[in-house]
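Q: This is the structure I have questions about; it appears just below.
The values are calculated or read from the model by the stated rules, or taken from the named source; none is laboratory data. As the structure is a prediction and not an experimental result, all values here were calculated from the model. Glycine also receives a Cβ, built like all others from the backbone with ideal geometry; neighbour counts cover every protein chain displayed. Only protein heavy atoms, including side chains, enter the accessible area calculation; ligands, DNA and RNA are left aside. Shrake-Rupley method; radii C 1.70, N 1.55, O 1.52, S 1.80 Å.
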Amino acid sequence: NVCRLLSRRAHGFYARDAGVAHRKNLGLLRKIMCQESTKFKNVWTTHSASPIAYERGRIYMDNYQCCITSIAQQPRLIYQKSKCAKSEKIEDALLLECPLGEMLPSSSDYKASLIVLTVQNWLLRLSADSGEVLEKVYLAGSCCKFFRYLSWDTPQEVMIVKSAQNKLPAAARQAGIQQTVLFYLAVFQVLPLSFIGMLEINKKIFGNSVTDVAVSNGILIVMYSMGLVRLYNFKAILEQFMEQPFDLGQEFNWNGQVGVVGKYPFGLPCNIKITDTPPLLFEASSLENAFQIGGYPWHYIITPNKKKHKGVFHICSLKDNALAKNGIQDMKCCSLEPDWIYFHPDMSGRIIHVGPNLIKVLKLKEVKNRADQMEIAEDFTIVANRENCVNNSVTVTASGRVVKKRFTLLDDDPEQETFKIVDYEDELDLLSTVAVTQIGADGRAHLDFHCNEHGILLKSIPLKESWDVTYSHEVYFDKDLVLHIEQKPNRRFSCYVYQMVCDTAKDDD
């Protein structure tokens, strides 16, 4: 296969489409990885008193001051910066990668970089290879805005920097002073980094019961305390209420203030003033504000806004709010941890519903002879291995005495194999699952790879370290790498790295 691929490339088969060769290479990697002789070996383990983060082949430790590459045969240090002061602590970070086919102003823009947000409201762009500061933007001006969160509106194109919720000091509240501005949102175009605008989320416009806001794919999502979710056209808001555009580094005179955009101490002007309630695109009421949009044609998933309906999901058409046929999904599982549901990230329009011992992949399809109505059908299911677990309420002892149990086991009882993580590897088109069984203090986990199209089990990788279900865990599967990050009590973090190894029969002997 490799020789054939190289031969076709030499003859210019992929001269006009490099992506074809890349997809062929990934197809070969998937076949090699799923072979029986291929193993995943624990090549590196580390422990830390601070959080550990992973981004595209890089492991970050010590609040992003230390960067380790996981791509090498053995993880190795890329850079180690000197310990920073508490005022320079990083609150959030996003990995920034070069867009394809665009001319950029600086040669450093073509390499991966890290956008970080510090506790003192500085937005920094760091080189992913050296940690060097490439750009600095000061966010907060005269208003005291504590920016804490970074997110993508459009991935790798438009970035949102969100403040913490504004709260007045107790003395101000007792004096009867009203706080009307709840959040600030700063909007940036990335590579090159440019300022689009800053806006307020104000009670006078959106209502008194707003609890949180988010921006995704050009939609402003506003959440309310009673479970209500409202959607607005974010791009239209930027265009309609923009008072004056500003560029980073531009001198300005704004509301009596003179300064430079993005420089200390002035920061960024709040140049988008929403003076009237924007046109509402859509609203829905859902338990705990849980709301998702996806599928084709567009559908949304909610849980009816009553506690008794927790674990029940309704799948409805976005066009007319009609419930899809078989659109009420309820696993009826009795467990401490609730089941969860989401649209498949492979853009197929399918839905993944995960319970303690069952993973259902659902699809939308037209009802027969009813082109205007959709139904939810099962595409495939993945079932936990519980063959040896018998949960009888009545047992008979060796002497013949009948014993009745006073309780039944939960569906996510730790002594039974239970699904904890489900993820999708887009480059290899594999669905990965982590299943855990805990007996006593010792828990064992394994990572399984399933065919994303049919759900067939292709490979199972046992994780060597013990897995305690009461701890927080993250597992990343990135091509030929598996990385497990564990958070133990008292802020103790561990990282385990597994690399793909192709063993031969001789090596096994």
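Q: Exactly one of these conditions fails for Ala371: (1) outside any strand (DSSP E or B); (2) out of contact with any strand residue (DSSP E or B) (no Cβ under 6 Å at 6 or more places or on another chain). Give me its number.
A: Of the numbered conditions (1) outside any strand (DSSP E or B); (2) out of contact with any strand residue (DSSP E or B) (no Cβ under 6 Å at 6 or more places or on another chain), the odd one out for Ala371 is (1).
Q: Would you be able to tell me the number of residues in segment 244-278 that are open to solvent by less than 20 Å² (accessible area, probe 1.4 Å) and more than 16 Å from Asn202 (Cβ to Cβ)?
A: The total comes to 8.
Q: Touching a residue at least 40 places away in the same chain (Cβ under 8 Å) and under 21 Å from the mean Cα position of the chain (by Cα): which single residue out of Pro51, Pro75 fits that description?
A: Just one listed residue meets the conditions, Pro51.
Q: Here's something else I'd like to know. So which of Glu88, Glu132 ends up being without any contact (Cβ under 8 Å) to a residue 24 or more places away in the chain, open to solvent by 10 Å² or more (accessible area, probe 1.4 Å), farther than 24 Å from Lys479 by Cβ and of a type in the set (D, E, K, R)?
A: Glu132
Q: To continue, here is another question. In contact with a Cys (Cβ under 6 Å, 6 or more places away or on another chain) and open to solvent by 20 Å² or more (accessible area, probe 1.4 Å): which single residue out of Leu323, Leu318, Leu336 fits that description?
A: Just a single option satisfies the conditions, and that option is Leu323.
Q: Can you confirm whether Lys167 is touching a Leu at 6+ places or on another chain (Cβ under 8 Å) and either surrounded by fewer than 16 Cβ atoms within 10 Å (Cβ to Cβ) or modelled with pLDDT of 70 or more (or both)?
A: The answer is no for Lys167.
Q: Take Tyr264 and decide whether it is within 30 Å of Phe195 (Cα to Cα) and in contact (Cβ under 8 Å) with a residue 60 or more places away in the chain.
A: Against the criterion (within 30 Å of Phe195 (Cα to Cα) and in contact (Cβ under 8 Å) with a residue 60 or more places away in the chain), Tyr264 qualifies.
Q: Can you find, within segment 279-291, the residue that is nearest to Met242 (Cα to Cα) among those that are open to solvent by less than 70 Å² (accessible area, probe 1.4 Å) and part of a strand (DSSP E or B)?
A: My answer is Phe282.
Q: Check Leu104 against each of (1) within 30 Å of Cys495 (Cβ to Cβ); (2) surrounded by fewer than 15 Cβ atoms within 10 Å (Cβ to Cβ) and name the one condition it does not meet.
A: Exception for Leu104: condition (1).
Q: Sticking with this one: Might you check whether a residue that is under 22 Å from Gln165 (Cα atoms), part of a strand (DSSP E or B) and aromatic (Phe, Trp, Tyr) occurs anywhere in segment 245-258?
A: Checked against the condition, which is being under 22 Å from Gln165 (Cα atoms), part of a strand (DSSP E or B) and aromatic (Phe, Trp, Tyr), segment 245-258 yields no hits at all.
Q: Checking the structure you have, find out if any residue of segment 107-119 is aromatic (Phe, Trp, Tyr) and surrounded by fewer than 17 Cβ atoms within 10 Å (Cβ to Cβ).
A: Yes, segment 107-119 contains a residue that is aromatic (Phe, Trp, Tyr) and surrounded by fewer than 17 Cβ atoms within 10 Å (Cβ to Cβ).
Q: Tally the residues that are open to solvent by less than 70 Å² (accessible area, probe 1.4 Å) and assigned to a loop (DSSP other than H, G, I, E, B), restricting the search to segment 207-243.
A: Residues in segment 207-243 being open to solvent by less than 70 Å² (accessible area, probe 1.4 Å) and assigned to a loop (DSSP other than H, G, I, E, B): 4 in total.
Q: List pairs: first in segment 358-375 and in contact (Cβ under 8 Å) with a residue 24 or more places away in the chain, second of a type in the set (D, E, K, R) and not in a strand (DSSP E or B), Cβ under 6 Å, 6+ apart or cross-chain?
A: Every condition considered, the pairs that remain are Val361/Arg350.
Rundown of residues vs (1) within 22 Å of the chain's Cα centre (by Cα); (2) without any contact (Cβ under 8 Å) to a residue 60 or more places away in the chain; (3) farther than 17 Å from Ala435 by Cα, yes/no style:
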{"residue": "Ser460", "(1), (2), (3)": "no, yes, no"}
{"residue": "Thr470", "(1), (2), (3)": "yes, yes, no"}
{"residue": "Leu483", "(1), (2), (3)": "yes, no, no"}
{"residue": "Glu486", "(1), (2), (3)": "yes, yes, no"}
{"residue": "Pro489", "(1), (2), (3)": "no, yes, yes"}
{"residue": "Cys495", "(1), (2), (3)": "yes, no, yes"}
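Q: Being surrounded by 14 or more Cβ atoms within 10 Å (Cβ to Cβ) and touching an Asp or Glu at 6+ places or on another chain (Cβ under 7 Å) is the filter here, so list the residues in segment 27-47 that pass it.
A: Leu29, Met33, Lys39
Q: Something else about it: Has segment 64-71 got at least one residue that is surrounded by 17 or more Cβ atoms within 10 Å (Cβ to Cβ), without any contact (Cβ under 8 Å) to a residue 40 or more places away in the chain and not in a helix (DSSP H, G or I)?
A: Scanning segment 64-71, I find at least one residue that is surrounded by 17 or more Cβ atoms within 10 Å (Cβ to Cβ), without any contact (Cβ under 8 Å) to a residue 40 or more places away in the chain and not in a helix (DSSP H, G or I), so the answer is yes.
Q: Moving to a separate point now. Can you confirm whether Glu465 is within 20 Å of Thr46 (Cα to Cα) and part of a loop (DSSP other than H, G, I, E, B)?
A: Judged against the criteria, Glu465 is a match.
Q: If I go through segment 357-382 residue by residue, how many of them are over 22 Å from Ile302 (Cβ atoms) and either surrounded by 16 or more Cβ atoms within 10 Å (Cβ to Cβ) or at pLDDT 95 or above (or both)?
A: Residues that pass the stated criteria total 4.
Q: Considering only segment 441-456, how many residues are free of Cβ contacts under 8 Å to residues at least 40 places away in the same chain and open to solvent by 60 Å² or more (accessible area, probe 1.4 Å)?
A: Counting residues in segment 441-456 that are free of Cβ contacts under 8 Å to residues at least 40 places away in the same chain and open to solvent by 60 Å² or more (accessible area, probe 1.4 Å) gives 5.
Q: In this structure, does Asn385 turn out to be polar (S, T, N, Q) and either buried (at least 19 other Cβ atoms within 10 Å of the Cβ) or at pLDDT 95 or above (or both)?
A: It is false that Asn385 is polar (S, T, N, Q) and either buried (at least 19 other Cβ atoms within 10 Å of the Cβ) or at pLDDT 95 or above (or both).
Q: Tell me the residue from Met331, Met347 that is at pLDDT below 90 and either within 30 Å of Gln416 (Cβ to Cβ) or surrounded by fewer than 16 Cβ atoms within 10 Å (Cβ to Cβ) (or both), please.
A: Met331
Q: Please give the number of the condition Thr303 fails out of (1) over 30 Å from Ala371 (Cβ atoms); (2) in contact (Cβ under 8 Å) with a residue 12 or more places away in the chain.
A: Result: Thr303 fails condition (1) only.
Q: Cβ-Cβ under 8 Å, sequence separation 6+ or interchain: first residue in segment 195-212 and touching a residue at least 60 places away in the same chain (Cβ under 8 Å), partner acidic (Asp, Glu) and open to solvent by 50 Å² or more (accessible area, probe 1.4 Å). Which pairs?
A: Phe195/Asp247; Ile205/Asp276
Q: Mind listing whichever residues of segment 292-311 are out of contact with any helix residue (DSSP H, G or I) (no Cβ under 9 Å at 6 or more places or on another chain) and open to solvent by less than 20 Å² (accessible area, probe 1.4 Å)?
A: Of everything in segment 292-311, those that are out of contact with any helix residue (DSSP H, G or I) (no Cβ under 9 Å at 6 or more places or on another chain) and open to solvent by less than 20 Å² (accessible area, probe 1.4 Å) turn out to be Gly294, Gly295, His299, Tyr300, Ile301, Gly311.
Q: Next question. Yes or no: Lys81 modelled with pLDDT under 85, among the charged types (D, E, K, R) and either more than 16 Å from Ala128 (Cβ to Cβ) or more than 23 Å from the chain's Cα centre (by Cα) (or both)?
A: No; evaluated as a whole, the condition is false for this residue.
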